[in-house]
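The values are calculated or read from the model by the stated rules, or taken from the named source; none is laboratory data. These figures come from a predicted structure and were not determined experimentally. Virtual Cβ from ideal backbone geometry, glycine too; neighbours counted across all protein chains shown.
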Amino acid sequence: MTVRYLRTDARLWLIAVLLLITLIALPILTYPLGRDQGEFATIARGTLNGRTPYTELWNPKPPAVFYVYAAAISLFGQTSDALRAIDLIIVPLIAAALYGIGVRLSNLVVGLWAALIFAVFYFTESFWTLTQNDGIVLLPMTLAVLCLLLTRPNVPNQVSNVNLRVLVLAFCSGALCAYVFWFKYPFALFGAALLLGFVLVARPRLPIVAVFIVGGLLVMLAAVLILVGQGAWDELLLSARVTSQYTTLTFNWDDFSELMQTALGFRWSQWGLLALLGASWFVVRRWGGAVNRTWLLVLIWLLAGGVIMLVQAKGYDYHWLPMLPPLCLLAADALRRLVFRLEQAGIAAHFAATVAGTLLLAILIAGIWPNAWKYLTGQETQSSYYSRFVGGEVRADESQAVIDYLRARTTPGDSLYIWGFRPEVYYLTGLNPATRFIFQFPLVGEWYPGEWQEENVETLWAALPPYVLVLQVDYMPWVTGSQDDSNTLLQRYTELNNWLIFNYERETQIGNFFIWRRKN
């Protein structure tokens, strides 16, 4: 079989794999939203309605994810499944990019394995971790790596030529790295690590490095100019500065070790097989041919993802996602080499590969369909289905009950105030945040400007929302700096507590939500 036909066959296999994993993953459209998805969605909807991030809808993160969510809402509507569709769009694209990277690093087989492994371990993440900032950013990350690798000749130890195609690819890679930064500030480490790794591996000529840097600087400058034009630049800088202090809350051994022990336990349950495959690469990397020195870039990429997770000092489930693409590449090459060794032992390579592929697809099916089958076939209600989606004190069935309660008593476009961190209620009710603070922690942390508390209450006095929600048992010391829940913290915020008691009466309680209605 010629290389030409082999490539055509491999691309057909890639298309088949991408279609299959997308079909298997379709039930994620039914997943409810968590807190973070609600946060991004509320700001995205606000931007579509003409509100400016930071000045009118405060947030500690850079703005890229808001506009991804806004695009999804524009295309598919203001629903939870519209947002979950983001994963169904980006995962095949990331998998295809990993296929391209795998081909450049090794061969077509590694590319196919990398695409499949990534899709399996991404789609089996929890509702809390899917559609996250740290997952969406994997698309520009993998594309940046692919663009940079494509600047190299596909011949070991050959120096890259400098031509228009190579310069365009280097420019795109740098631009994508800058775009990655606007998803989260620690992601700047990715761009620095990618350039460092590429210089060490490829020893590129100076024009290629220069164009990479120019691409990054131009995107950074364009983003700054857009924010300045919106009048949001100063507020963005302030939000970044004060939020950096909240990050340091867990920069101590006791808190950090406690969080990491929990995180490692969950991550092992999700990535145990993947971690073993990735680690086995160091043992089997000599089987079936020498290792291309370009694999050093993958190791640096993996290390950068680990550092990104560690510097955030929280170990949240989604903080680990930047490590997933390079880990999948290592696992793919290890799997290819293991199949080669089995073939040497007398086991047919096609048989071994089929067994491995079937096992991976079984993991994907088992991670999605058993949980959703009864709901999809009408054997259980949405409330019963949502009751299985729990993250800390957050229960999706309680959130939906509150959303249904408010929908029946308000009109879309009315305002709502939530004292706590449950912005998914804003988004799914169609109600607008009564102030720019869509969660409580910038109003309780001692490192935030004190005048924000005054601003918040003055805004609420100016326009009383029909309902106010107050949360209990939402203990978030790593965010608020306090061991108390929102209901307790409210008693210390005298101006807001007085405003609430004077204008509202507590009407009912649903789960951890206290629902206050405006007095007649």
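Within the option set Leu310, Leu302, Leu297, being within 21 Å of the chain's Cα centre (by Cα) and either at pLDDT 95 or above or outside the structural domain of Leu112 (by TED's automatic domain parsing) (or both) holds for one residue only, Leu302. Hand me the list of helices (runs of 4 or more DSSP H) wholly inside segment 1-91 holding 2 or more residues that are among the aromatic types (Phe, Trp, Tyr). Result: 3-24, 64-76. Looking only at segment 460-486, residues that are of a type in the set (S, T, N, Q) and in contact (Cβ under 8 Å) with a residue 60 or more places away in the chain come to 1 in all. Please count how many residues of segment 447-465 are surrounded by 18 or more Cβ atoms within 10 Å (Cβ to Cβ) and not in a helix (DSSP H, G or I). Residues in segment 447-465 being surrounded by 18 or more Cβ atoms within 10 Å (Cβ to Cβ) and not in a helix (DSSP H, G or I): 2 in total. Inside segment 441-460, residues that are under 23 Å from Asp484 (Cβ atoms) and out of contact with any Leu (no Cβ under 7 Å at 6 or more places or on another chain) make up a count of 13. Restrict the check to segment 417-437 and report whether at least one residue is farther than 19 Å from Leu33 by Cα, part of a loop (DSSP other than H, G, I, E, B) and touching a residue at least 40 places away in the same chain (Cβ under 8 Å). Yes, segment 417-437 contains a residue that is farther than 19 Å from Leu33 by Cα, part of a loop (DSSP other than H, G, I, E, B) and touching a residue at least 40 places away in the same chain (Cβ under 8 Å). Please enumerate the residues belonging to segment 214-256 that are of a type in the set (Phe, Trp, Tyr), closer than 17 Å to Thr480 by Cα and assigned to a helix (DSSP H, G or I). Once the filter is applied, which keeps residues that are of a type in the set (Phe, Trp, Tyr), closer than 17 Å to Thr480 by Cα and assigned to a helix (DSSP H, G or I), segment 214-256 yields Tyr246, Phe256. Counting the residues of segment 37-52 that are buried (at least 22 other Cβ atoms within 10 Å of the Cβ) and either touching a strand residue (DSSP E or B) at 6+ places or on another chain (Cβ under 7 Å) or modelled with pLDDT under 95 (or both) gives 3.
Taken together, the residues in segment 381-416 that are small (Gly, Ala, Ser), under 19 Å from Arg35 (Cβ atoms) and buried (at least 17 other Cβ atoms within 10 Å of the Cβ) amount to 2. Exactly one residue out of Gly191, Gly215 is under 25 Å from Ser244 (Cα atoms), crowded, with 20+ Cβ neighbours inside 10 Å and either outside the structural domain of Gly135 (by TED's automatic domain parsing) or among the small types (Gly, Ala, Ser) (or both): that is Gly191.
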